Amino acid sequence: GRSVSSRQHSRADYRDLVLLAVLWSGAFALTDLAVETMTPAWSVSIRMLVSAAVLAPFMIINREPIPCTRKMWGWLTALALCGALIPFFLLSWGITLIASGLSAILVGVMPLITLVLARFFVPGETLTATRIAGFVVGLVGLVIVVGPDALEGASTDGTPLLGEMLVLAAAFFFAMNAIIARRAPPAPLYSKACLTTGLAGVIMLPLAWAEAPLNVNAITLQSWIAVVVLGALPVGYATIVYFRVIESAGPSFMAMTNYLVPVLALGIGAIFLGETITLHAMIGLAVILGGIGLAELRR
């Protein structure tokens, strides 16, 4: 609404924005630690179930109803698949192959993908010249990050390229989720968050088990802590903050996390995991952020 965009953002809005960026950027390094001794599928399932457990008390305290229509459960399942299960699985798998900081940059192109998808799936969304220019600039930044050598040398060692493609596919699903979330009928905040993450966790359980039964002895304490913290904070608590920011300040304001997350995640990866930041990754990140800025320009 008009009121959201024209009024001054409160200090709480900015606090929530920074909080969200920190929670989300920390998720990349935590995922890296989780998948060291746990399969990507198990890391996703456990993280989602922890998140649902964290969110359930909020749902109960606020006496939020569980939706009973088949249609609403259809929407929740779509949100669970596109917003949680599929992208987190692709991301967890990708992070086993490439640095967590690099994956954060690649996921950073999500708003540009959303822009193109919105043109087709959200009524009244048009692609203006500046938006197209922003998308093209972002694409150039992406090529710089992935590196022209990766495209040429894909045949020699495809693993990093596969990792990059998996993470980009995750960004595509996150973008799809943004569209689904916009088209979905309204639902109570905590029950929506709790049920989507819970559904994702439950659906992933048999898939994770089919791939490999949970080998408790092989999993280090560090991986367990990482996956539980992932579920509690970057998934569970962040979901509450995410909806709070959108309600209070609007989606455009929330989109500013796209500038903070890749930068913070790069820093976290470098400081805590000893990941090296290449020059072309830094240049590419700057170009991608420029593209997002251009695409979000208001006339």
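The values are calculated or read from the model by the stated rules, or taken from the named source; none is laboratory data. Note that this is a predicted model, so its numbers are computed, not measured. Positions of Cβ are backbone-derived with ideal geometry, glycine not excepted, and every protein chain shown enters the neighbour counts. We work out accessible area using only protein heavy atoms, side chains counted, and drop any ligands, DNA or RNA first. Shrake-Rupley method; radii C 1.70, N 1.55, O 1.52, S 1.80 Å.
Can you find, within the stretch 264-299, the residue that is most open to solvent (accessible area, probe 1.4 Å) among those that are over 17 Å from D32 (Cα atoms), among the aliphatic types (A, V, I, L, M) and without any contact (Cβ under 8 Å) to a residue 24 or more places away in the chain? Of everything passing the filter in the stretch 264-299, L279 is most open to solvent (accessible area, probe 1.4 Å).
Entry remark, the stretch 56-77: residues being loosely packed, with under 11 Cβ neighbours inside 10 Å and among the hydroxyl-bearing types (S, T, Y) number 1 in total. Residue selection: V35 fails the criterion of being β-branched (V, I, T) and under 16 Å from L199 (Cα atoms). If you check A53, A118 for being under 28 Å from A29 (Cβ atoms) and small (G, A, S), only one passes: A53. May I ask you to verify whether G26 is open to solvent by less than 40 Å² (accessible area, probe 1.4 Å), closer than 17 Å to I246 by Cβ and either modelled with pLDDT of 95 or more or touching a helix residue (DSSP H, G or I) at 6+ places or on another chain (Cβ under 7 Å) (or both)? Judged against the criteria, G26 is not a match. Residues in the stretch 203-231 that are among the aliphatic types (A, V, I, L, M), surrounded by 12 or more Cβ atoms within 10 Å (Cβ to Cβ) and in a helix (DSSP H, G or I): I203, M204, L205, L207, A208, I225, A226, V227, V228, V229, L230. Pairing each residue of the stretch 120-145 that is loosely packed, with under 15 Cβ neighbours inside 10 Å with any residue that is outside any helix (DSSP H, G or I), provided the two are 6+ apart or on different chains, yields C-beta distances under 6 Å for T130/L297. Report yes if some residue within the stretch 232-250 is on the phi > 0 side of the Ramachandran plot, outside any helix (DSSP H, G or I) and either touching a Gly at 6+ places or on another chain (Cβ under 9 Å) or open to solvent by less than 50 Å² (accessible area, probe 1.4 Å) (or both); otherwise report no. Looking for residues that are on the phi > 0 side of the Ramachandran plot, outside any helix (DSSP H, G or I) and either touching a Gly at 6+ places or on another chain (Cβ under 9 Å) or open to solvent by less than 50 Å² (accessible area, probe 1.4 Å) (or both), one finds at least one in the stretch 232-250, hence yes. Of all the criteria given as (1) in contact with a Cys (Cβ under 8 Å, 6 or more places away or on another chain); (2) open to solvent by 30 Å² or more (accessible area, probe 1.4 Å), the one not satisfied by F89 is (1). Scanning the stretch 105-137 for residues that are closer than 26 Å to K192 by Cα and in contact with a Pro (Cβ under 6 Å, 6 or more places away or on another chain) turns up just one, G108. Entry remark, the stretch 56-77: residues being modelled with pLDDT of 95 or more and among the aromatic types (F, W, Y) number 2 in total. In the set (1) open to solvent by 60 Å² or more (accessible area, probe 1.4 Å); (2) at pLDDT below 95, the condition left unmet by A53 is number (2).
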